[in-house]
Amino acid sequence: MADVNYEVEQQRNLEAPGVAHNPWERRALIDLSAIRNNVRQVTELVAPAKVMAVVKADGYGHGAYRVARAALEAGVRWIGCAHVSEALALRERGIESPMLAWLHTTDTPFEDAIAADIDLGVSSLGELGCIAAAARKVETPARIHLKLDTGLGRNGATLDALDELLEQAKDYQSEGLLRVVGVFSHLAVADEPQRVETDEQLEAFDLAISKVEAAGFGLEVRHIANTPAILSRPDAHHDMVRLGLGLYGLSPFEGDEPDSFGLRPAMTLQARVANVKKVNKDQGVSYGLNYRTSEQTYLGLIPLGYADGLPRIATGAPVTIHGKDYPVRGRIAMDQCVVDLGPDIDPEHFLGATAIIFGEEGPSVTEWANAAGTINYEVVTRISPRVPRVYLEGSWGESALEEEDTNGE
Ligand SMILES: *Cc1c(COP(=O)(O)O)cnc(C)c1O
């Protein structure tokens, strides 16, 4: 994939022997055909349950708008966001599907949300009151999904608080201020399928559903499954699943590769090798001089650092150049990091070559996550706005590439 073909004007300072003259220095390639593939895999797996594509945090770093569009094209029915502001931004760009946002504060623009036909998760009486007041103002009933804490201990109403919440919701509903159309919850340990807490949460969820139904609300959707539960707990699928990580082609399970579920990673992070130079044995590398060369060797400079979202702690993580993995040596700096290419390379062949930080043809996101003591979710979501996202339509090689500017299409 070092040589994705597309027509471009040459850029002088990137010319290097043996390297295609493409005008890019660093980029996150987002393969929308992978997104579509992942949607189709999951749609098939969970049918007849519907799929909500979760595109919070700018689509886990992939670009919320483009991912939402691709997911809808591939058959997703719903779009999920954490913040109302994220959902409003998608509405403004023309996404018209049913949409849910669930993480609010007292300053959340509920009136705008209701006016834009965004469904709202409700975790407390206080939230319900704010939303009812907003609905009164805009003279439109809010569409509500009650969010229940079935064991996660985070957002959501506890089952003890449910009765009171239902009573208040009933009052508002009879006033015409809102309609309870959904009930949902979130799982705490579904990425560890052997743990019993998931069974306990599913039981609590069933109990909550029956209470909501007994209170007379006509529910459209009941949903609790995130990616790990989608892949490992068919009994958790209910009417709809909320697909986040799997949409982007990553696996939530330790030791299970995405392709064992038919998923393809959508993001490839690349940069040009910016410099290649010969150094002597015992040369210290990067701040702190924590790595020292063991022999005369060539160092390759990768122009990506922690300001681009590489975890600073991930020294030792692999970078693929010309099909071979080289560990990052020394500290990762704000803008750059270094690999040791060894003594036997042709520097001309490496200068300007494509370094793959992670992606389908390089290291996995999980390898970077392991080196950083974190999870693949965090690695992709933190790739910073300094890295251009470039969208790939269709399969590798025959692709039309399209660059997203940060505000427009
Ligand atoms: C982020 C999120 C999801 C998606 O979880 P994945 O594990 O990425 O699939 C689903 N539901 C809620 C409430 C979330 O916050």
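The values are calculated or read from the model by the stated rules, or taken from the named source; none is laboratory data. Quick caveat, the model's predicted, so the values are computed rather than measured. Don't worry about glycine lacking a Cβ; one is built from the backbone with ideal geometry, like all the others, and counts go over all protein chains shown. Remember, those area values only see protein heavy atoms, side chains included, never the ligands or the DNA or RNA. Shrake-Rupley method; radii C 1.70, N 1.55, O 1.52, S 1.80 Å.
Of note:
- As a summary of the residue check, Thr320 satisfies the conditions (1) open to solvent by less than 50 Å² (accessible area, probe 1.4 Å); (2) within 16 Å of the ligand (Cβ to nearest atom) except for the one numbered (2).
- Contacts under 9 angstrom Cβ, first residue in the range 63-91 being modelled with pLDDT under 95, partner acidic (Asp, Glu), 6 or more apart: none
- Among the residues of the range 230-257, the ones that are over 13 Å from the mean Cα position of the chain (by Cα) and either within 12 Å of the ligand (Cβ to nearest atom) or at pLDDT 95 or above (or both) come to 13 in all.
- Tally, over the range 263-290, of residues that are part of a strand (DSSP E or B), without any contact (Cβ under 8 Å) to a residue 40 or more places away in the chain and open to solvent by 60 Å² or more (accessible area, probe 1.4 Å): 0
- Ile144 within 11 Å of the ligand (Cβ to nearest atom) and crowded, with 21+ Cβ neighbours inside 10 Å: no
- Qualifying residue in the range 239-250 (condition: over 30 Å from Leu29 (Cα atoms) and outside any loop (DSSP other than H, G, I, E, B)): no
- Selection status of Thr158, within 15 Å of the ligand (Cβ to nearest atom) and either among the β-branched types (Val, Ile, Thr) or in contact with a Cys (Cβ under 7 Å, 6 or more places away or on another chain) (or both): no
- You will find that of Ala372, Ala353, the residue that is over 22 Å from Glu257 (Cα atoms) and out of contact with any Gly (no Cβ under 6 Å at 6 or more places or on another chain) is Ala353 and no other.
- Selection status of Gln168, over 14 Å from His238 (Cβ atoms), open to solvent by 10 Å² or more (accessible area, probe 1.4 Å) and at pLDDT below 95: no
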